[in-house]
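Read through the structure below, which is laid out as structure tokens, and then see the notes.
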Amino acid sequence: MTDRYRFPDGFLWGAATSAYQIEGSPLADGAGHNIWHRFARTPGRTANGESGEVACDHYRRYADDVALMADLGLAAYRFSLAWARLLPDGTGRVNPGGVAFYDRLIDALLARGITPVATLFHWDLPVALDDRGGWLNPESADWFAEYTQVAVRAYGDRVKRWATLNEPWVVSDGGYLHGALAPGHRNIFEAPLASINLMRAHGAGVQAFRATARDGEIGLVVNLEPKVAASDSASDVAAVRRADAYMNRQYLDPALLGSWPAELAEIFGEAWPTDVANAALPLICQPIDFVGVNWYTRGVTRHDPGAWPVYAAPARQPQHLYTDVGWEVYAPALTDTLIWVTERYGRRPIYITENGAALQDPPVARDGRVQDPLRVDYLRDHLIAAHDAIARGVDLRGYFAWSLLDNYEWSLGFSKRFGIVHVNYQTQERTPKDSARFYREVIRSHGRSLDAPP
Ligand code: BGC
């Protein structure tokens with residue numbers, strides 16, 4: 001082992017999950033309904049009609065899961081709070097039973113020396129708020145500020161790192177434009193409004209945090225995917241510009257630069273609400289402490305007249321591996337993304353808040369091993385790419401593997417496995433895969449083991 005890939009001191013090594021994907025017992029102890037549960041309970045919405053009713057049963061097994069994290073040597077754990085556990089109606093009445101669950105979880109983490117990193121919103125909007133228009137209602141910024149205040153009052157003495165939203169693009173694109181995700185709408189007039197209101201909520205959440213917390217950091221988590229033209233034809237180059245604005249700049253530009261990418265008006269046409277969007281900018285553009293980057297793949301992109309409304313589609317790269325959810329594996333593009341964020345938005349703290357791969361794993365062997373060599377390769381290559389970015393001046397502060405556990409992959413149900421720990425959904429038995437063992441070594445050696453031959 002050499003120091004070639006040694007990470008800076010204080011680099012935060014973690015793993016990530018989200019509430020609805022692992023907890024189960026969504027209505028326990030006085031919680032309100034959330035839109036994901038309602039969506040999953042609607043026939044035809046999710047693979048095999050699967051829901052997060054049980055998921056990984058983490059709600060009841062959290063103590064064992066925290067012990068597992070400690071065994072893996074994790075220094076940090078990124079999880080999300082279920083809004084409807086804390087506020088069953090979304091606003092107003094606080095539910096002590098829900099507050100107590102995250103008290104227990106946070107205390108268990110701290111007792112093991114694991115830093116909690118809390119995401120306020122990872123897609124499970126309370127149904128009571130969806131019934132009031134959800135993210136289409138401009139009051140949603142106030143709802144989110146109230147919820148932020150409740151959460152920070154309850155946990156701010158122990159949780160010092162917070163994220164407002166997880167991936168607003170996915171909520172707007174999947175939830176309001178194409179309808180594959182909750183709440184399942186397909187409406188080009190709604191999608192930009194949802195984006196604007198999500199980002200207004202982000203801004204109002206940051207303000208509420210600053211007004212409530214004594215100390216700590218807050219940031220925004222976005223999913224970024226560098227868009228690369230499939231050819232140098234003018235139409236492919238224009239498609240890349242639109243795809244990049246739509247996915248990557250739509251959220252970071254207003255949050256960090258106080259402006260909207262010009263391409264949004266081109267993409268949404270008459271559905272882009274110029275005045276509403278511009279009026280929202282002062283609230284959206286709040287100083288934040290870090291950018292959280294969820295990174296899975298790059299997007300080699302071509303013009304596609306059928307791909308409404310961005311008219312850009314992925315171009316398959318036969319020379320590369322694709323994961324079980326159809327995403328190209330190409331680690332060097334992670335370095336490019338981190339450098340792009342640094343150059344476009346100024347050098348600022350960044351965390352890789354998610355990174356991982358869905359792959360078909362073999363069953364647990366008799367000796368208790370789950371051999372997942374492709375996931376080991378994926379993690380190694382992306383950690384090296386992250387290290388390359390640091391060497392090139394990026395202020396990268398931490399890395400969170402997605403995911404700690406195999407879990408509920410939204411509308412794909414339990415068919416896709418992203419975990420570094422295998423979950424047997426019949427018995428709820430957890431088995432660390434080879435990738436978890438590999439990651440433990442990386443953490444233990446502070447990255448130095450990345451230099452060891454595969
Ligand atoms: C989300 C996770 C999801 C993962 C894999 C991210 O978009 O934050 O909830 O499971 O990607 O699809």
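Observations, loosely collected:
- The set of residues from the range 153-192 being over 21 Å from residue 81 (Cβ atoms), more than 16 Å from the ligand (Cβ to nearest atom) and not in a helix (DSSP H, G or I) comprises 179, 184, 185, 186, 187, 188, 189.
For (1) of a type outside the set (A, V, I, L, M); (2) away from the ligand (no atom under 16 Å from the Cβ); (3) crowded, with 19+ Cβ neighbours inside 10 Å, each residue gets a yes or a no:
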position	(1), (2), (3)
383	no, yes, yes
387	yes, yes, yes
390	no, yes, yes
394	no, yes, yes
428	yes, yes, no
437	yes, yes, no
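- Among residues of the range 367-381, those that are buried (at least 24 other Cβ atoms within 10 Å of the Cβ) and of a type in the set (Ser, Thr, Tyr), counted: 0
- Sub-7 Å Cβ pairs linking a first residue in the range 17-43 that is within 11 Å of residue 58 (Cβ to Cβ) to a second residue that is among the acidic types (Asp, Glu) and more than 14 Å from the ligand (Cβ to nearest atom), at least 6 apart or interchain, are 24/53; 24/57, ordered by first then second residue.
- Sole residue being touching a helix residue (DSSP H, G or I) at 6+ places or on another chain (Cβ under 8 Å), of a type in the set (D, E, K, R) and surrounded by fewer than 21 Cβ atoms within 10 Å (Cβ to Cβ), chosen from 289, 304: 304
- Screening the range 336-366 for residues that are within 26 Å of residue 115 (Cα to Cα) and surrounded by fewer than 21 Cβ atoms within 10 Å (Cβ to Cβ) and picking the one that is farthest from the ligand (Cβ to nearest atom) gives 347.
- Set 104, 85: member being of a type in the set (Lys, Arg), in contact with a helix residue (DSSP H, G or I) (Cβ under 6 Å, 6 or more places away or on another chain) and modelled with pLDDT of 95 or more: 85
- In the range 25-56, of all residues being assigned to a helix (DSSP H, G or I) and within 16 Å of the ligand (Cβ to nearest atom), the one that is surrounded by the fewest Cβ atoms within 10 Å (Cβ to Cβ) corresponds to 47.
- Selection within the range 288-335: residues that are aliphatic (A, V, I, L, M) and within 16 Å of residue 222 (Cβ to Cβ). The member of this set that is nearest to the ligand (Cβ to nearest atom) is 293.
- Scan of the range 271-289 for residues that are of a type in the set (A, V, I, L, M, F, W, C), in contact with a Gly (Cβ under 8 Å, 6 or more places away or on another chain) and outside any helix (DSSP H, G or I), ordered by number: 285, 288
- Odd one out for residue 369, checked against (1) under 23 Å from the mean Cα position of the chain (by Cα); (2) away from the ligand (no atom under 16 Å from the Cβ); (3) assigned to a loop (DSSP other than H, G, I, E, B): (1)
- Some residue of the range 97-112 being charged (D, E, K, R) and closer than 19 Å to residue 28 by Cα: yes
- The residue pairs whose first member lies in the range 250-269 and is farther than 15 Å from residue 197 by Cα, whose second member is part of a loop (DSSP other than H, G, I, E, B) and charged (D, E, K, R), and whose beta carbons are closer than 9 Å, counting only pairs six or more residues apart or on different chains, are 256/348.
- The set of residues from the range 108-123 being outside any strand (DSSP E or B) and closer than 19 Å to residue 163 by Cβ comprises 109, 110, 114, 122, 123.
- Flag if residue 15 is crowded, with 21+ Cβ neighbours inside 10 Å, of a type outside the set (Val, Ile, Thr) and either part of a helix (DSSP H, G or I) or at pLDDT 95 or above (or both): yes
- Of all residues making up the range 311-335, the number that are part of a helix (DSSP H, G or I) and surrounded by fewer than 15 Cβ atoms within 10 Å (Cβ to Cβ): 1
- Screening residue 22 against (1) more than 16 Å from the ligand (Cβ to nearest atom); (2) in contact with a helix residue (DSSP H, G or I) (Cβ under 6 Å, 6 or more places away or on another chain) leaves a single unmet condition, (1).
- Selection of the range 396-426 for residues being more than 10 Å from the ligand (Cβ to nearest atom) and assigned to a loop (DSSP other than H, G, I, E, B) yields 404, 406, 413, 414, 415, 417, 419, 420, 424, 425, 426.
- Annotation note: of 91, 115, the sole residue that is over 26 Å from residue 185 (Cα atoms) and among the polar types (S, T, N, Q) is 115.
- Residue match in the range 255-269 (condition: at pLDDT 95 or above, closer than 25 Å to residue 205 by Cα and within 16 Å of the ligand (Cβ to nearest atom)): no
- Looking across 38, 45, one residue alone is within 24 Å of residue 94 (Cβ to Cβ), over 19 Å from the mean Cα position of the chain (by Cα) and basic (Lys, Arg). It is 38.
- Residue in the range 211-270 that is surrounded by the fewest Cβ atoms within 10 Å (Cβ to Cβ), counting only those that are assigned to a strand (DSSP E or B) and among the small types (Gly, Ala, Ser): 229
The values are calculated or read from the model by the stated rules, or taken from the named source; none is laboratory data. None of the values given here were measured: they were computed from a predicted structure. Don't worry about glycine lacking a Cβ; one is built from the backbone with ideal geometry, like all the others, and counts go over all protein chains shown.
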